[in-house]
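To start, the structure itself, in structure tokens.
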Amino acid sequence: MPRIFRLLLTGSLLLGVLTAPGRAQPAAPRPAREAGPPLSPATDAEPPDGDEVWETAQQALAKAGSETEAVHALVTVVNLQRRRGDYPAGLAGARAGLARARKLGDVRLQVDFLYLLGRLYWNLTDYPHSLESHLEELKLAQTLGDDDLLARTHGGLGLTYQRYGRNEDALQHFKLGLEYAAKAGDIRIRSSLLNSLGNYHLGLGNLDQAELIHQQALKLRESYNNRRAIAESLTNLGLIAEARGDPPKALDYLQRALATFEALKYRRYLVNTHRRLALVLRKAGRTDEALGHLQAALSLAETLESTEVFADLYQEFALTSEARGDFAAALDYQRKSAAATEQMRGEQDRQRMSELRARYGAEQRELEIALLKRDQELQNAESQRRRSQTITLATGLAGGLLLLGAIALLQRYRLRAERRMHAVTEHARERAEAAERLKSRLLQIASHDLKVPLSALNATAGLIGRNPTDETAVRRLAGSIQADTTRMRSLVRDFLDAAAMEDGNLQLHTAEHDLGEIARSAVTSLEPVAAAKNQKLVLVPAGAPLPKVKADGERLRQVFDNLIGNALKFTPPGGDVTIELGEAAGWVYAEVRDSGPGLGPADFARMFSPHQRLSAQPTGIGEDSTGLGLFIARELLTLLGGRLEVQSQPGHGAVFRVNLPVAA
């Protein structure tokens with residue numbers, strides 16, 4: 001795809017954020033993130049104070065009298081670190097614990113640490129390593145034949161597959177986990193797996209089924225009084241209430257859950273609960289309260305190092321900012337959410353997951369392969385006897401086959417060379433045709449757009465020739481000649497710049513510049529144009545000194561000349577054009593706002609294409625448009641590492657926003 005069309009596609013995406021009246025909401029709410037089946041009855045029960053259990057676990061680890069006791073205590077410590085959201089420390093502890101368990105030869109401890117590794121990687125959105133850990137865990141758990149362990153392991157695998165969007169695999173593992181939990185008679189693991197299954201149906205929008213399953217899970221959890229698990233179930237029931245359009249009930253559930261997580265000091269749970277409260281409040285029109293919850297969540301999220309948490313949080317920030325009418329902030333948070341989501345769901349991770357699944361499938365088939373190998377050995381013995389009988393015939397045939405193979409190989413090389421030569425020739429032909437089309441197009445535009453000023457020059461020269469002694473008239477006509485030549489020089493520069501951009505040959509000379517000074521210079525030079533049309537041209541400086549930007553000063557001035565010139569050209573006499581400067585989130589910006597007729601949907605589809613004229617018409621006598629100004633401005637800003645954004649509606653003017661990153 002040519003570079004200009006990629007740029008247009010990017011611009012369309014940005015315009016969609018700026019001009020859309022509102023975003024479509026998902027069909028079903030995102031369920032609460034299940035932390036996974038409990039590690040063991042001892043670690044699943046929470047005492048009244050979250051800090052007490054943490055201090056007790058650390059003391060048990062410090063007082064351990066043997067290596068086995070120490071490793072058992074480390075399991076509890078790592079599990080609590082995961083609950084509290086201290087993922088990097090928990091990951092380091094789980095890796096060390098797994099190494100120590102392997103050294104002891106304790107398979108049960110290895111299974112526990114592999115489970116913790118799988119959940120910690122999941123919390124950090126490293127799903128390939130999460131899947132790898134759970135598959136290794138399943139292999140060891142199957143050797144122990146422990147139904148509790150198998151139920152827990154299948155629950156962890158189901159959560160990981162669900163995050164990849166592999167719903168069928170996730171549902172299969174949830175059902176297997178519930179079967180093993182029923183055999184073991186463990187209500188803790190069963191309630192946790194019910195919670196996962198309820199989230200599965202909640203994610204699909206099956207609200208009735210999801211509510212029924214979550215009520216079952218809540219009843220089981222209340223029977224053994226696990227505060228964290230109860231709060232988790234309350235969170236999911238709150239989301240179901242919100243999806244049914246019952247905000248008061250949803251807020252009641254979520255606020256009860258938030259109080260529990262605050263007492264336990266579980267940071268990830270706190271972040272997600274604040275975000276969900278913000279969602280309910282935003283939909284209820286209470287955007288100020290929603291923003292307060294989001295800010296509280298952001299301060300906690302910065303300690304978690306989880307890309308997924310940031311992706312969800314930034315998305316809710318964007319929706320809340322949009323509901324408040326702060327579209328600049330909404331656009332910035334939308335970009336942050338998209339970047340986090342892209343990092344979280346990279347193609348490399350997807351490929352790695354497929355490789356791991358294939359590896360596990362291969363290991364499951366090892367037994368079958370061993371049986372097949374025994375049959376193959378018997379067949380090989382019979383084949384060896386027959387091979388000795390045919391070797392003489394094969395030797396004669398081999399010579400003929402070798403000759404045929406050599407001929408086929410030479411023919412293949414020849415065909416490849418012909419195809420390469422054809423491809424090179426076709427590419428050169430396409431480039432030559434494109435250059436010819438560009439040349440023809442530029443000549444057509446030049447002949448059309450230069451005809452008027454050249455005719456004016458000729459007429460002006462004739463007037464001077466007929467009245468050479470009229471000094472006043474000569475001075476006035478000389479001014480007209482200067483204006484026409486300036487206009488032609490601008491047209492020629494636009495044609496040359498457009499051609500250089502299409503060929504990728506535009507040269508830039510970057511240095512640090514003051515965006516405000518360049519904008520001020522452009523405004524000063526165009527004030528006479530505004531005065532001639534009785535227009536008000538105003539520069540609104542930033543409230544504080546702006547940081548420098550790295551750019552080509554001459555090209556940046558060209559951007560402002562084009563944008564301000566367009567605003568004056570399409571604004572009617574007596575209208576206003578305002579240039580406002582500012583800084584936001586590491587970017588310096590300048591907004592060019594006019595009071596012209598605005599832009600329609602058809603204009604957005606072609607405004608950045610070269611040689612395209614928009615629906616708005618120049619409002620002054622003798623003014624026209626080449627259709628190159630916006631194309632050149634957009635291309636120049638892209639080459640400088642910046643962006644050009646547009647916001648407009650028919651009949652309400654237009655805003656063109658120049659964004660450049662702060663110089664490092």
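Figures for the structure shown
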item	result
Residue-span extension gain [Thr143 to Val540] - 0.36 nm each, minus C-alpha spacing	135.6 nm
Estimated distance in nm for a label pair at Ala62 and Ala585, the labels positioned 7 Å out from Cα along Cα-to-Cβ	4.5
Per-residue HN-Hα couplings for segment 212-229 [Karplus 6.51, -1.76, 1.60; θ = phi - 60°; Hz; x = Gly/Pro]	4, 5, 5, 5, 4, 4, 4, 4, 5, 5, 5, 5, 10, 6, 9, 5, 4, 5
Mean Cβ neighbour count within 10 Å, used as a protection proxy, ranking 72-82, 285-295, 172-182 highest first	72-82, 172-182, 285-295
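Each value in this text was obtained by applying a stated rule to the coordinates, not by laboratory testing. Because the structure is a prediction, the values reported are computed rather than measured. Backbone-built Cβ (ideal geometry, glycine too); neighbour counts: all protein chains shown.
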